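Right, one structure below, let's go through it.
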Amino acid sequence: MPINIPPELPAKEILERENIFVMTETRATQQDIRPLNIIILNLMPEKEKTEAHLLRYLGNTPIQINISFLKLTTHEAKNTSKLHLDQFYEPFSEIRNKKFDGMIITGAPVEKLAFEEVDYWEEMMEIMNWSTTNVTSTLHICWGAQAALHHHYQINKYELPNKCFGVFSHEVLHPNEFLVRGFDDHFLAPHSRYTDIDFNALKQHPELTVLAESERAGILLIASKDGKRIMSTGHFEYDSDTLGAEYVRDHERGVPTQLPENYYPKDDSSKIPLHRWKSHCSLLFSNWLNYYVYQQTPYEWK
């Protein structure tokens, strides 16, 4: 089944070239079914790329989905045009009285800052509090996961001596949990972050379950016991070339960044990296939408 997005959204053309089933609003209104309503708080700098990353996997499931995008009013985006934001994104004031079946909160390039130093942290806390009562389940990615762990569970982050950067092997710890159903016992996922979370505090928290971790990259997947919050410290949604683009960008800016681990064939940056985590990303999104959103959300919100 398709995702329902605005026909003018730039990601639509990308997804159609990849045979992702995209439906316009006009056609969607003619179908007598209850679609899922998913809202995305996109905090990444290059918002159009992140839109394509996420919609690619949301559109690869057997559930019709209406997509909305949420923007912050206390922060001005520097890498995305105001026209794009005004056309496709809504401020929190316009959706605060609505209910959503699912929500995605992305990463953000602010992880070296203390949470309270982030200029939009107050608005972030308001949105995360709102999601507790107005969203069936929220998927938090990278910094979004760290923000949720800090705000909802008082679990802190700390800066790493070196950037966790590359594609790492992870082990499934609870294979019968819904989120990792169908996963291989060991699987690959990309990471790109300068910070990590308090391992001991997380594992001892009574409301959280660690579902997958890596000897090299640490904890990857966490779920709250009630399924309302899913946290991923990595970037399953990344394309095969995303880490490489980050590596080149950092070097052009004079930021000392090591070669992404286990990414380029034979660690040769002139070679094209393989997309070795795509199937597990598809599983992650379909499992989240099926077990934590579709099967838990009411047909009619009250």
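Note the full-extension length gain between PHE92 and GLN295 as 0.36 nm times their separation in residues minus their Cα-Cα distance, in nm to one decimal.
Contour length minus the Cα-Cα distance gives 70.5 nm.
Quote the FRET efficiency, to the nearest 0.05, computed for LYS302 versus ASN129 with a Förster distance R0 of 22 Å and r equal to the Cβ-Cβ distance.
Computed FRET efficiency for LYS302 and ASN129: 0.65.
On full extension of the chain, what length is gained from PHE178 through LYS82, given 0.36 nm per residue of separation minus the C-alpha to C-alpha distance?
30.6 nm
When only Cα pairs under 8 Å and 6 or more residues apart are kept, what is the percent relative contact order across the chain?
In percent, rounded to a whole number, it is 17.
Given a Förster distance of 30 Å, report the FRET efficiency between GLU207 and HIS275 from their Cβ-Cβ distance, rounded to the nearest 0.05.
0.30
Treat every Asp and Glu Cβ in the chain as -1 and every Lys and Arg Cβ as +1, leave all other atoms uncharged, and give the resulting dipole magnitude about the Cα centre to the nearest 20 debye.
Charge dipole, the chain, about its Cα centre: 440 debye, nearest 20.
For a quick check, take a GNM of the chain with Cα springs below 10 Å and name the residue from ASN287, ASN37, ASN200 with the largest mean-square fluctuation.
Evaluated over the chain, the most mobile residue of the options is ASN200.
Report the accessible area of TYR89, computed with a 1.4 Å probe over the heavy atoms of all protein chains in place, in Å² rounded to the nearest 10.
Its accessible surface works out to 10 Å², give or take rounding.
Along the charge dipole of the range 150-282, pointing to its positive end and built from +1/-1 on Cβ of Lys, Arg, Asp and Glu, which listed residue (TYR153, LEU179, SER279) has its Cα farthest out?
Value: TYR153.
How far is it, in nm, from the label point at LEU160 to the one at ARG216 when both lie 7 Å from their Cα along the line to the Cβ?
In this crude spin-label approximation the distance works out to 1.1 nm.
Could you work out how much longer the chain between GLU8 and ASN262 gets when fully extended? Use 0.36 nm per residue separation minus the Cα distance between them, nm to one decimal.
87.7 nm
Report the charge-dipole magnitude of the range 33-144 in Debye, nearest 20, computed about the Cα centre from +1 at each Lys and Arg Cβ and -1 at each Asp and Glu Cβ.
500
Please give the peptides 90-96, 142-148, 228-234 ranked by average Cβ packing (other Cβ atoms within 10 Å per residue), highest first, as a rough proxy for protection.
228-234, 142-148, 90-96
Per the helix-only calculation at 222 nm, which mean residue ellipticity applies to the chain, given -39500 (n - 2.57) for every DSSP H run of n ≥ 4 and division by its residues, nearest 500 deg cm²/dmol?
Computed ellipticity for the chain at 222 nm equals -7500 deg cm²/dmol.
Once you charge only the Cβ atoms, +1 for Lys and Arg and -1 for Asp and Glu, what is the size of the charge dipole of the range 127-200 about its Cα centre, to the nearest 20 debye?
For the range 127-200, the charge dipole is close to 260 debye.
The values are calculated or read from the model by the stated rules, or taken from the named source; none is laboratory data. Not measured: the values here are computed from a predicted model. Every residue, glycine as well, gets a Cβ built from its backbone with ideal geometry; the counts of neighbours run over all protein chains shown. Accessible surface areas use protein heavy atoms only, side chains included; no ligands, DNA or RNA. Shrake-Rupley method; radii C 1.70, N 1.55, O 1.52, S 1.80 Å.
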